[in-house]
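Structure, as structure tokens:
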Amino acid sequence: LLHSSSDLARIRMAVTTKQEPVHSGYEVFRADKHSQLNYRMRGPRSEVARGRPTFGQSEYDADANAAYQCALMWCITGDIAYADKSKEILNAWSSTLKSVTGRDAVLMAGLGPFKMVNAAEILRYTGADWSPMDIQQTETHFREVIYPVIKDFAPFANGNWDTAAMKTVMAIGVFCNDLAMFERALRYYVHGAGNGRLSYYIINRTGQCQESGRDQQHTQLGLAHLGDCCEIAWHQGLDLYGYDDNLLLNGFEYTAKYNLG
């Protein structure tokens with residue numbers, strides 16, 4: 001997904017040999033509360049909701065951070081205890097969570113779960129001793145609990161809802177080795193009805209974004225989601241980065257220039 005095996009090997013080597021600025025960045029990452037072997041899981045719950053009502057969101061998102069970060073710590077350090085922590089979180093949520101609800105359910109299912117899927121993909125292919133039964137349970141969970149909430153994306157919503165749903169559909173498609181699901185997201189990136197479509201989020205050749213007049217956190221979030229889609233596609237052998245004459249790059253450059261005054 002976001003990391004190829006060569007990416008992980010490069011990070012590990014840079015940390016081991018204390019190459020800068022990678023090593024300093026790693027030290028910040030290592031010190032984060034979600035990268036700890038003693039991280040105390042806040043879930044799981046059978047239901048989480050966002051936006052009238054909201055419950056379980058902060059617990060899920062924190063645990064998703066920890067699952068993903070500990071999976072990366074496992075790859076960087078080689079300490080299997082980090083993999084075990086990540087597996088503990090994934091197994092708990094995938095066996096317990098049955099529904100994602102609330103007015104903002106699509107956004108809930110498009111954000112935190114993306115980190116869970118990345119953690120799962122890493123563990124599956126790095127010799128983390130994750131049992132086939134637990135892997136299958138996690139596949140089923142993503143396919144039957146998360147995917148139905150985001151499969152039609154969010155053409156009714158502003159800006160980054162669509163992009164969040166799209167990248168997570170794409171990620172689940174890769175983890176489940178489901179080509180049709182992956183292509184559903186890929187086609188939405190190119191021809192979708194909502195703002196997940198690249199040429200609808202970045203509205204002109206100058207790079208102005210659909211959310212450029214909004215707070216810049218949201219503008220950059222939407223661009224980041226599109227970048228995540230590009231990185232996933234890149235690892236499947238597809239170049240979305242250069243699609244439509246580098247339109248995504250135009251969006252990043254316009255936003256960077258705006259924020260630099």
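Summary of values
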| quantity | calculated |
| --- | --- |
| Candidate set from the range 167-189 (those that are farther than 27 Å from Tyr258 by Cα and hydroxyl-bearing (Ser, Thr, Tyr)); member that is surrounded by the most Cβ atoms within 10 Å (Cβ to Cβ) | Thr168 |
| Given (1) within 30 Å of Glu139 (Cβ to Cβ); (2) within 16 Å of the chain's Cα centre (by Cα); (3) in a helix (DSSP H, G or I), index of the condition Gly196 fails | (3) |
| Number of the condition not met by Asn177 [criteria: (1) on the phi > 0 side of the Ramachandran plot; (2) touching a helix residue (DSSP H, G or I) at 6+ places or on another chain (Cβ under 7 Å)] | (2) |
| Residue within the range 99-122 that is outside any helix (DSSP H, G or I), touching a residue at least 60 places away in the same chain (Cβ under 8 Å) and open to solvent by 40 Å² or more (accessible area, probe 1.4 Å) present | no |
| Top-ranked residue in the range 141-161 [being in a helix (DSSP H, G or I) and farther than 16 Å from Ser99 by Cβ; ranked as least open to solvent (accessible area, probe 1.4 Å)] | Asn160 |
| Per-region count, the range 167-191, residues touching a Lys or Arg at 6+ places or on another chain (Cβ under 9 Å) and either assigned to a loop (DSSP other than H, G, I, E, B) or among the hydrophobic types (A, V, I, L, M, F, W, C) (or both) | 9 |
| Any hit, the range 214-234, residues being surrounded by 17 or more Cβ atoms within 10 Å (Cβ to Cβ) and in a loop (DSSP other than H, G, I, E, B) | no |
| Test result for Ala164, in a loop (DSSP other than H, G, I, E, B), aliphatic (A, V, I, L, M), open to solvent by less than 30 Å² (accessible area, probe 1.4 Å) and closer than 23 Å to Phe252 by Cα | no |
| One residue from Asp244, Asp239 being touching a residue at least 24 places away in the same chain (Cβ under 8 Å) and either more than 19 Å from Tyr258 (Cβ to Cβ) or outside any helix (DSSP H, G or I) (or both) | Asp244 |
| Every residue from the range 38-56 that is open to solvent by less than 40 Å² (accessible area, probe 1.4 Å) and in contact (Cβ under 8 Å) with a residue 24 or more places away in the chain | Tyr39, Gly43, Val48, Ala49, Gly51 |
| Filter result for Thr255 (assigned to a loop (DSSP other than H, G, I, E, B), over 21 Å from Gly112 (Cβ atoms) and touching a residue at least 24 places away in the same chain (Cβ under 8 Å)) | no |
| So Gly192, is it out of contact with any Ser or Thr (no Cβ under 8 Å at 6 or more places or on another chain), free of Cβ contacts under 8 Å to residues at least 40 places away in the same chain and open to solvent by less than 20 Å² (accessible area, probe 1.4 Å) | yes |
| Given (1) modelled with pLDDT of 95 or more; (2) not in a helix (DSSP H, G or I), index of the condition Arg52 fails | (1) |
| Meets criteria (open to solvent by 10 Å² or more (accessible area, probe 1.4 Å), assigned to a helix (DSSP H, G or I) and either of a type in the set (A, V, I, L, M) or farther than 30 Å from Gln19 by Cβ (or both)) for Met133 | yes |
| Hits in the range 1-31 (condition: of a type in the set (Ser, Thr, Tyr) and either open to solvent by 80 Å² or more (accessible area, probe 1.4 Å) or part of a helix (DSSP H, G or I) (or both)) | Ser5, Ser6, Thr16, Ser24, Tyr26 |
| Residue within the range 75-98 that is in contact (Cβ under 8 Å) with a residue 40 or more places away in the chain, within 26 Å of Gly227 (Cα to Cα) and open to solvent by 60 Å² or more (accessible area, probe 1.4 Å) present | no |
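The values are calculated or read from the model by the stated rules, or taken from the named source; none is laboratory data. Bear in mind that the values here come from a model prediction, so they are computed numbers and not experimental data. Methodologically, a virtual Cβ is constructed for each residue, glycine included, from the backbone with ideal geometry; neighbour enumeration extends over all protein chains shown. What goes into the accessible areas is simple: the full protein's heavy atoms, side chains included, and nothing from ligands, DNA or RNA. Shrake-Rupley method; radii C 1.70, N 1.55, O 1.52, S 1.80 Å.
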